[in-house]
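Engineer: Quick one: the structure is below, questions incoming.
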Amino acid sequence: MNIQVKYFSEEIERLQAIGGKSDWIDLRAAKEVRLSAGEFALIPLGVAMQLPEGYEAHIVPRSSTFKNFGILQTNGMGIVDESYCGDNDQWFMPAYAVRDTVIHAGDRICQFRLMAHQPTLTFTEVPALTGPDRGGHGSTGVR
C-alpha cells in the first residue's frame, strides 16, 4: 500500500516502516516546543497524508513519551480519517505537560498505524448472554 505524504518541515526524518520490529510508524515533532507544567500545545508533526479510501490512522504516544518529555496526549488516541487529506491538513499531537519540558524538532513523540474502518454493525437486544461470566469489572484481581 502506497501513501502520499506531504512534509511541512525539513527538520524531520522521512517516514519509514521498521520491518520486523513494529508495524507502527514513528512521528516526530516538526519544531521545538517548550511547555511549562500545566500548559497545553498542539505539537505539529510535519506531515499530511492522503490515506486510502476506507482507512484511518490511529495516533498514540510512544511508550517512552511520558518518561522522556512529561507530556500526555490529551485525547488519549488521535484518529485521522481519509477525508483529512488536503494540502494544509498537517497532523498534530495535542499535548498536556505535567512538568516543564522541551521537545526538539525531530524528537519521536508519537506513532501511528492504519486501520480499516469498522464494518457496519447491527445490534440485537437479548434477555441474557450465554458466554462464561467473569464476575464483572475488575474480576481478574491485581496479581
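Engineer: What number of residues within segment 61-90 satisfy the criterion of being farther than 18 Å from residue 105 by Cβ, open to solvent by less than 30 Å² (accessible area, probe 1.4 Å) and of a type outside the set (Gly, Ala, Ser)?
Structural biologist: The total comes to 2.
Engineer: Report the residue count in segment 91-143 for those that are open to solvent by 70 Å² or more (accessible area, probe 1.4 Å), within 16 Å of residue 29 (Cα to Cα) and of a type in the set (Phe, Trp, Tyr).
Structural biologist: The number of residues fulfilling the criteria is 2.
Engineer: Collect the residues in segment 37-57 that are open to solvent by 30 Å² or more (accessible area, probe 1.4 Å) and either within 20 Å of residue 106 (Cα to Cα) or under 17 Å from the mean Cα position of the chain (by Cα) (or both), keeping them in residue-number order.
Structural biologist: 40, 42, 50, 55, 56, listed by residue number.
Engineer: Another one. Please indicate, with yes or no, whether at least one residue in segment 12-30 is acidic (Asp, Glu), part of a loop (DSSP other than H, G, I, E, B) and surrounded by fewer than 14 Cβ atoms within 10 Å (Cβ to Cβ).
Structural biologist: Applying the first criterion (acidic (Asp, Glu)) to segment 12-30 yields 13, 23, 26.
Then keep just the ones that are part of a loop (DSSP other than H, G, I, E, B); that gives 13, 23.
With surrounded by fewer than 14 Cβ atoms within 10 Å (Cβ to Cβ) added as a condition, the list becomes 13, 23.
Within segment 12-30 (the criterion being acidic (Asp, Glu), part of a loop (DSSP other than H, G, I, E, B) and surrounded by fewer than 14 Cβ atoms within 10 Å (Cβ to Cβ)), the answer is yes, since at least one residue qualifies.
Engineer: Sticking with this structure for a sec: Quick check: is even one residue across segment 1-11 assigned to a loop (DSSP other than H, G, I, E, B), in contact (Cβ under 8 Å) with a residue 24 or more places away in the chain, touching a Phe, Trp or Tyr at 6+ places or on another chain (Cβ under 9 Å) and open to solvent by 80 Å² or more (accessible area, probe 1.4 Å)?
Structural biologist: yes
Engineer: Having 3 or more residues that are touching a residue at least 12 places away in the same chain (Cβ under 8 Å), β-branched (Val, Ile, Thr) and under 30 Å from residue 21 (Cβ atoms) is the bar; report the strands (runs of 3 or more DSSP E) wholly within segment 33-143 that clear it. Can you show your working first?
Structural biologist: Numbers: elements: 33-35, 40-44, 47-50, 55-61, 71-73, 78-81, 92-97, 101-103, 108-116.
It comes to 101-103.
The values are calculated or read from the model by the stated rules, or taken from the named source; none is laboratory data. This one's a predicted model, so the numbers in the text were calculated from it and none came from an experiment. Because the Cβ atoms are built from the backbone with ideal geometry, glycine has one as well, and the counts that use them run over all protein chains shown. Just the protein is used for accessible areas: all its heavy atoms, side chains included, with ligands, DNA and RNA removed. Shrake-Rupley method; radii C 1.70, N 1.55, O 1.52, S 1.80 Å.
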